[in-house]
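Written below as structure tokens is the structure these notes are about.
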Amino acid sequence: MPPTPPPNQALAELAAVLGDDNVRTLVRTYLREFPLSLQQLGGGDRTTRHRLAHSMKSNSRLVGALSLSQRMAALEVRLADDAGEDVTPGDLAAITAEFEAAVGPLRAFVGA
């Protein structure tokens, strides 16, 4: 059975430069690390939560999870403003749901 091709344009372009194996490693790392970052997003200081939101935004965009990246960008902007609303349980639930919706094709790509 041939390997699954990259599931979106962002990963296809990245694979053209880095190769499929390297992109699969990157996606495996994303699938492992995003949930850990999400757990940390619910605690710690505001600066740390802002940094995590930024990283989660960028990593989601890199793997082609654009809707999730946009959600994280909005949270990043909110956290950058000291007067902005903090991370809420609703944010965490929405991020989790959006991550779960996005990861099916990524998991198929890496054979997970």
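Of the residues in segment 71-91, how many are under 16 Å from residue 58 (Cα atoms) and part of a loop (DSSP other than H, G, I, E, B)?
0
Could you tell me whether residue 36 is free of Cβ contacts under 8 Å to residues at least 24 places away in the same chain and under 13 Å from the mean Cα position of the chain (by Cα)? Steps first, answer last, please.
Working: free of Cβ contacts under 8 Å to residues at least 24 places away in the same chain: yes; under 13 Å from the mean Cα position of the chain (by Cα): yes.
In short, yes.
Please tell me if residue 53 is in contact (Cβ under 8 Å) with a residue 24 or more places away in the chain, open to solvent by less than 50 Å² (accessible area, probe 1.4 Å) and not in a loop (DSSP other than H, G, I, E, B).
Yes, satisfied.
Name every residue in segment 18-50 that is closer than 17 Å to residue 5 by Cβ and in a loop (DSSP other than H, G, I, E, B), in order of residue number.
In the first step, residues of segment 18-50 are kept if they are closer than 17 Å to residue 5 by Cβ; the result is 18-28.
Scanning segment 18-50 gives a single hit, 19.
Exactly one of these conditions fails for residue 7: (1) touching a residue at least 60 places away in the same chain (Cβ under 8 Å); (2) under 13 Å from the mean Cα position of the chain (by Cα); (3) open to solvent by less than 60 Å² (accessible area, probe 1.4 Å). Give me its number.
(2)
Restricting to segment 10-22, what's the tally of residues that are among the aliphatic types (A, V, I, L, M) and open to solvent by less than 70 Å² (accessible area, probe 1.4 Å)? If you could, list the steps in order and put the result at the bottom.
To start, the set of residues in segment 10-22 that are among the aliphatic types (A, V, I, L, M) comprises 10-12, 14-18.
This time we only want the ones that are open to solvent by less than 70 Å² (accessible area, probe 1.4 Å), so: 10-12, 14-15.
The qualifying residues number 5.
Is at least one residue of segment 67-79 surrounded by fewer than 13 Cβ atoms within 10 Å (Cβ to Cβ) and under 25 Å from residue 112 (Cα atoms)?
Within segment 67-79 (the criterion being surrounded by fewer than 13 Cβ atoms within 10 Å (Cβ to Cβ) and under 25 Å from residue 112 (Cα atoms)), the answer is yes, since at least one residue qualifies.
For the list (1) on the phi > 0 side of the Ramachandran plot; (2) more than 13 Å from the chain's Cα centre (by Cα); (3) not polar (S, T, N, Q), I need the number of the one condition that residue 64 fails.
Checking residue 64 against (1) on the phi > 0 side of the Ramachandran plot; (2) more than 13 Å from the chain's Cα centre (by Cα); (3) not polar (S, T, N, Q), the one that fails is (2).
Could you tell me how many of the residues in segment 23-39 are loosely packed, with under 12 Cβ neighbours inside 10 Å and more than 27 Å from residue 75 (Cα to Cα)? Before you say what the answer is, go through the steps one by one.
So the first thing to find is which residues in segment 23-39 are loosely packed, with under 12 Cβ neighbours inside 10 Å, and the list is 32, 36, 39.
Right, trim to more than 27 Å from residue 75 (Cα to Cα) and you get none.
Total meeting the criteria: 0.
The values are calculated or read from the model by the stated rules, or taken from the named source; none is laboratory data. From a predicted model like this one, the values you see are computed outputs, not experimental measurements. Glycine also receives a Cβ, built like all others from the backbone with ideal geometry; neighbour counts cover every protein chain displayed. Quick note on the areas: whole protein, heavy atoms, side chains included, nothing else; ligands and nucleic acids left out. Shrake-Rupley method; radii C 1.70, N 1.55, O 1.52, S 1.80 Å.
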